[in-house]
Each structure stands twice: as C-alpha cells, then as structure tokens.
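What follows is a short report on a single structure.
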Amino acid sequence: MTHPQSNGQVNGPSRTDQTAIVIGAGLSGIRMMYELNKRGVSGKCLEAGAGIGGTWFWNRYPGARADSEVWVYILTFLEEIGYDWDWKERFPSQPELESYFNGVVDYLGLRDNFFLNTRVKSARYDDSKNVWHVSTSQGDEYTCDFLITATGPLSTPLKPPFVGLDTFKGQWLQTALWPDQKVDFTGKRVGVFGTGATGAQIIPLIAHAAKQLTVFQRTPNYVLPGRNFVFTKDQERELKKDFKGIAQRVRAQPFGGDMVGTTRVSSDVKNKEALNQIFDYGWEQGGFRYIFNTVNDMLTNVDCNEAASEFIRQKIRAIVQDPATAEALCPYYPLMSKRPPLGHFYYETFNRPNVELVDLRKDPVQKITPNGLQTLAKEFDLDIIVFGIGFDAVTGTLNSIDIRGAGNKPLKDHLECDLGTGYGIATTDFPNFFMILGPQSAWANLPIVIDTAADWIGKAISHMQERGHNRIEAKKELTRSWTEEVDKHFWGTLLGKGAQETGAWHVGGNVDGKPLRCYWYFGGIPRYLELCAKEVESGYPGFTFSNALQAH
Ligand code: NAP
C-alpha cells in the first residue's frame with residue numbers, strides 16, 4: 001500500500017518538554033494549537049501523517065469533499081485572526097481543504113510546532129511527577145503537563161476482511177489511505193466495496209473513467225443529492241458579508257448547520273401530496289436540508305420518517321431505469337439510522353452501461369481470487385479493487401495508542417468497559433488529559449464541536465494557571481451524568497433503534513466485537529454549547545483541581 005508522500009517536514013528533537021502535546025494535525029489539532037498559542041501555552045503537535053490536514057490529508061480519493069457547506073465548515077477563529085480563505089464551491093473538495101489547512105498553519109506561524117511523520121505509540125501519566133510521558137514509534141520521548149488527543153473520529157480505516165486478498169494480482173486500494181499519485185482507472189475493470197458517504201462520492205467518478213465498474217453493495221443507503229455548485233465572486237462576497245449571522249445560526253441549529261429549520265410537523269400538513277411537496281423542496285435544496293428544513297418530526301415520528309424514506313425510494317425508482325437495480329438500491333430501514341451520504345449523480349450512475357450493482361445480501365463474496373473475486377453466483381475479473389468500507393470510529397484511534405492514566409489504567413479498558421466522559425472532552429482517572437471529538441462529543445457538523453472543545457480546554461488550562469493548580473480530573477459524577485444525558489437523547493428514540501438494527505458506525509455496530517453503545521451526543525448543538533459553557537461559568541463543578549506535587 002502506497003501512502004501519501006511527505007510534504008517535507010521532519011521529526012523534531014529526540015526529547016522535548018512541553019506544556020502541552022497535541023496528537024493529530026487535522027482540523028482539531030490545528031484549532032487546539034491556535035488556542036494554546038493564543039493563551040501563551042507552549043505546545044507541540046505530533047502527527048502520524050506526512051502532511052497537515054488529518055482526514056483531508058489521508059482521504060485523497062477522487063470525489064472526496066466535505067458534506068458540510070463551506071460557510072459552516074470554517075473555523076470561527078479565522079475571522080478573529082483575519083485569515084481570508086478563497087471559497088470555490090458550496091461543498092469544498094479535499095484538495096481545497098488540504099490547502100486551506102496548510103494556509104491556516106502558515107498564516108498563524110505555527111508550522112514549526114507541527115512534527116509530521118511522528119506516530120504516537122504510547123502516553124503514560126506519571127503519578128509521582130504529575131507529567132505525561134509520550135513515546136513515538138520513531139523512538140522519540142517527550143514529557144508534557146497536558147496531553148490532548150485530536151486524533152479524529154474517523155481515522156482508523158477497517159482492513160478489508162476478505163479471504164484471498166493477498167493472492168490478488170491487480171491493485172487494491174483503501175479510500176482512507178489513498179496514494180498521493182493519481183490512480184488511473186482508464187480502461188480498467190474496477191470493483192468498489194462500500195456504499196456509505198465515501199462510496200457515494202467515489203463511485204460516480206470511477207464510473208466515468210473505468211471500462212467496467214462493479215459496485216458490491218451490502219446495505220443500500222439513502223443518498224441525498226448534494227447539489228454542489230461553483231461560486232461566483234458575488235455569491236462568495238455575499239456569503240462572507242454575513243459571517244456573523246452564519247456563526248449565530250450554526251450555534252442555534254441542532255446539527256450545527258446554517259439552516260433555520262422549521263416548527264412544522266407532519267400532522268400540520270393537510271395530505272400526503274402536500275407532504276411530498278415539502279420533501280421535494282428539501283430534496284431540491286440539496287445537502288442535509290432534506291432532513292432539517294422540511295418537517296420537524298422526521299427523526300421522532302415513525303410515520304413521518306417512513307413517509308420521508310418512501311419519498312427517497314420513489315426518487316430512486318424514478319431515476320434508476322432497471323427496476324431490479326432500483327429495488328436493490330432502496331433501503332427499508334428508517335432514514336438517519338445510518339448517516340446518510342450526499343451524492344452527486346449517484347443513482348444516475350447505475351444507468352450507465354458500464355456499471356453493475358451486485359447485492360451482496362443475495363450473492364455474498366466467497367473469496368478474492370488472483371484475477372478478481374468470486375461471489376456465490378458468479379466470478380468477476382477485476383484489475384482494481386477499491387475499499388471504502390468504513391472506520392473503527394471514535395475510539396478506534398484512541399485505542400490504537402497505549403494511553404495510561406493514573407495508576408497505569410489503560411484508556412482502552414476504560415473506553416471499552418466503563419465508557420463515560422464529560423462532554424466528550426475529559427474522563428475520570430486521566431488527569432490533565434483532554435480529548436477533542438472524544439467519545440460522547442456532540443453529533444453535528446464538526447467544526448463547531450471542535451471549536452467548542454478547544455475553547456473549553458483552553459479556558460480550563462488558563463483557569464488552572466491563574467489559580468496555581470496543576471492537576472485537573474473529571475469527577476465520576478460528571479461522567480455518569482453525561483452518559484445518562486447521552487443515552488437519554490439516543491436510546492429509545494427512532495435513531496437509536498435504527499442505528500442498532502443497521503449496525504451503524506456511530507454505535508460501533510460496524511466493527512465485530514465492539515461494544516454497542518452511543519458514541520455521540522445527540523442532544524443538539526444549542527444544548528451542548530449551553531452545558532459546556534455552564535460548566536465553565538459555574539466554576540467547573542464536574543472537575544477536581546489540585547496541586548498534585550504538594551499532594552505527593
Ligand atoms: P461507512 O459509512 O461505515 O460505510 C462503509 C460501507 O462499507 C457500508 O456500505 C458498509 O456496508 C460497507 N462494508 C463494510 N464492510 C463490508 C464488507 N465486509 N463487505 C461489503 N461491504 C462492506 O463508511 P464511510 O463511507 O467511509 O463513511 C463513514 C463516515 O465518514 C460517514 O458516515 C461520514 O460521517 C464520514 N465521511 C464524511 C464525508 C464527507 O463529509 N464528505 C465523506 C466520507 C465519509 P454495511 O452498511 O452493510 O455495513
């Protein structure tokens with residue numbers, strides 16, 4: 001497997017003492033480094049990859065772009081620092097985002113604090129000295145007062161589990177480890193596994209280039225039309241003029257998007273035809289507006305959800321010409337059980353003569369062969385196989401690092417057996433340890449969640465420094481009550497039931513043996529922001545502060 005190539009930055013010195021070490025140089029890591037820098041706290045960011053950008057460094061497959069509109073995929077601190085990013089499209093592409101992140105780091109003058117090609121292997125809290133010892137796979141050792149993970153919720157891709165893959169004579173690729181060099185699909189017979197958000201993006205693009213594309217689908221998804229477009233300068237200017245309005249609306253919308261929403265519920269609508277017209281309005285607007293700008297009870301009312309799901313199935317049947325293929329593409333679980341992908345000409349792709357859909361539920365894979373693969377019914381000759389089969393989400397990357405808290409307690413055991421955090425940011429028995437997008441963080445457009453966590457962590461560090469504390473730890477009462485809050489908003493709802501039944505990644509259902517639980521807070525952005533702010537304003541009642549060295 002070829003990995004993206006180095007951007008030139010090399011490892012740092014073999015030993016450094018820092019106030020804070022941040023793991024991961026994606027959106028979260030950059031935001032956190034900015035926060036530390038702003039507060040005069042020394043920090044280094046260690047990044048396994050050869051470049052800045054996290055998700056937007058690794059996922060360089062054709063068609064990769066954000067499913068959030070560019071004007072809400074901005075980090076709000078950009079305005080305060082005056083960084084102006086030239087917006088090109090409604091949904092920014094991977095190259096645009098990668099270049100933007102590099103631009104921000106340079107603009108902030110922080111590049112020297114990012115150490116690339118530096119994978120953190122282990123981190124151990126030293127009770128006797130109240131410091132963290134951090135080791136990298138290159139053999140570097142660091143000590144720091146605060147350890148902050150910014151490892152991303154979707155950064156450990158699942159390995160293809162198929163028998164015989166090692167015998168395949170063609171090329172196989174994972175979307176989340178896409179090579180830096182262009183992959184040429186021209187004239188090739190290509191197989192794609194995965195019809196989630198990644199698959200929905202790459203499938204239409206491969207179809208244009210390949211001689212033959214076979215999509216091996218296990219579960220169909222509700223692919224909503226993205227309706228991307230390229231901005232005119234006037235459109236861009238107009239959007240930027242409303243920067244403050246956008247920021248306010250993002251904070252007020254449950255999903256952290258720029259959507260004013262609606263108070264209308266389906267029972268207010270006079271008949272089925274009128275309801276379908278409302279759904280059509282959301283469908284035409286593109287993106288997640290279908291979910292949030294149509295009716296307010298789509299995610300809580302079974303009948304309303306079924307009507308919204310059936311509307312999409314009708315669209316699939318209208319778009320896809322072959323009835324059997326259309327039917328195989330139709331999901332029958334409640335919409336939003338899985339995170340719906342955004343697509344651009346996704347369903348239309350299956351009308352192409354060079355595209356075939358294989359329904360793995362009816363015809364499962366037996367093995368990969370030297371020349372392709374064999375299902376129960378048929379053999380497929382393939383030159384390239386692409387796997388976009390998902391991630392060991394949220395805890396996967398944290399668990400891959402040997403992180404040990406007070407009393408040498410492994411974080412992995414804690415997350416697997418006794419998961420409980422405060423706001424997804426901190427947990428018990430892990431002093432001076434913070435997570436950005438840790439388990440039980442808010443499920444939303446991520447920049448607002450990242451912003452909130454980084455700001456919260458920055459304030460907590462300043463609070464300690466101002467009062468002469470050097471140890472902070474979440475209380476068990478907080479992690480228990482936050483877990484109750486998380487569970488209350490998820491289990492027993494339509495979303496919880498559907499996620500469990502479909503094996504959605506946000507409940508760990510896509511990884512064999514992973515504890516099935518809600519890894520995200522579904523209470524919405526306004527409440528998440530309110531509770532995070534309340535913790536700070538009321539003097540951190542959920543946390544214990546101390547001067548650890550005095551205690552020893
Ligand atoms: P995913 O949603 O977990 O989808 C993985 C796909 O692979 C599913 O269709 C799954 O089928 C299939 N699969 C897994 N194992 C398989 C196997 N052994 N055989 C056949 N099929 C298999 O992963 P993803 O598409 O990478 O997306 C994950 C998340 O990343 C998204 O939900 C989204 O939050 C984020 N993402 C965002 C963007 C964006 O914003 N633009 C783009 C891509 C991803 P089953 O459903 O049957 O398990």
In deg cm²/dmol, rounded to 500, what helix-only [θ] at 222 nm does the chain give when every DSSP H run of at least 4 residues adds -39500 (n - 2.57) and the total is split over its residues?
-> -10000 deg cm²/dmol
LYS182: which aspartates and glutamates have alpha carbons under 17 Å from its alpha carbon, excluding same-chain residues fewer than 8 sequence positions away?
-> GLU96, GLU98, ASP383
Among PRO179, PRO161, GLN212, the residue whose Cα sits farthest towards the positive end of the charge dipole of segment 137-225 (+1 at Cβ of Lys and Arg, -1 at Cβ of Asp and Glu, taken about the Cα centre) is GLN212
Percent of beta bridges antiparallel (DSSP, segment 193-387, rounded to nearest 5) = 45
Dipole of segment 193-387, Cα-centred, from +1 at each Lys and Arg C-beta and -1 at each Asp and Glu C-beta, to the nearest 20 debye?
-> 540
Using a Förster distance of 30 Å, the FRET efficiency for ASP184-LYS159 (Cβ separation, nearest 0.05) | 0.75
For segment 191-290: rounded, prolate or oblate by the Cα gyration tensor [a/c cutoff 1.5] = oblate
In terms of Cα to Cα distance under 22 Å, which lysines are near enough to LYS38, apart from those fewer than 8 places away along the same chain?
-> LYS244, LYS459
In Å, descending, principal axis extents of the Cα set of segment 365-498 | 69, 35, 29
Please work out whether segment 175-215 counts as rounded, prolate or oblate from its C-alpha gyration tensor, where a ≥ b ≥ c are the square roots of the eigenvalues and a/c under 1.5 means rounded, while otherwise a/b larger than b/c means prolate and anything else oblate?
-> oblate
Find how much the distance from SER481 to LYS244 grows on full extension, using 0.36 nm per residue of separation minus their present alpha carbon separation; answer in nm with one decimal.
-> 82.0 nm
Cα gyration tensor category, rounded, prolate or oblate, for segment 265-380 with a/c compared to 1.5 = prolate
Once the dipole of the chain is set up from charges on Cβ (+1 Lys and Arg, -1 Asp and Glu), the residue from the list LEU357, GLY405, SER28 lying farthest towards its positive end is LEU357
What's the center-to-center distance, using Cα atoms, between segment 420-467 and segment 58-135 in Å?
-> 17
Dipole in debye (nearest 20) - the chain, about Cα centre, beta carbon charges: Lys, Arg +1; Asp, Glu -1 = 380
So, by mean Cβ neighbours within 10 angstrom, what's the order for 501-513, 361-373, 149-161 with the highest one leading?
-> 149-161, 501-513, 361-373
Arrange the peptides 60-71, 230-241, 468-479 so that the one whose residues have, on average, the most other Cβ atoms within 10 Å appears first.
-> 60-71, 468-479, 230-241
Quarter of Cα convex hull surface for the chain, i.e. mean projection, nm² | 25.2
Net lengthening on full extension, GLU530/ASP512 (0.36 nm per residue, minus Cα-Cα) | 2.9 nm
Fully extended contour minus Cα-Cα distance, from THR544 to ARG339, at 0.36 nm per residue = 70.2 nm
Descending semi-axes in whole angstrom, ellipsoid equivalent of segment 193-387, from the Cα gyration tensor = 35, 22, 14
Compute the distance in nm between two label points, each set 7 Å from the Cα along the Cα-to-Cβ direction, one at ASP127 and one at SER267.
-> 5.7
Peptides 436-442, 537-543, 347-353, 284-290: what's the order by average Cβ count within 10 Å, highest mean first?
-> 436-442, 284-290, 347-353, 537-543
One finds, for ASN371 and GLN321 with R0 = 35 angstrom and r their Cβ-Cβ distance, a FRET efficiency to the nearest 0.05 of 0.70
Which percent, to the nearest 5, of DSSP beta bridges fully inside the chain are antiparallel?
-> 40
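The numbers here are math on the coordinates, done by the rules we state, and not lab data. Please read these numbers as outputs of a predicted model, since none were measured by experiment. Using ideal geometry, Cβ is built from the backbone for each residue, glycine included, and neighbour counts are taken over all protein chains shown.
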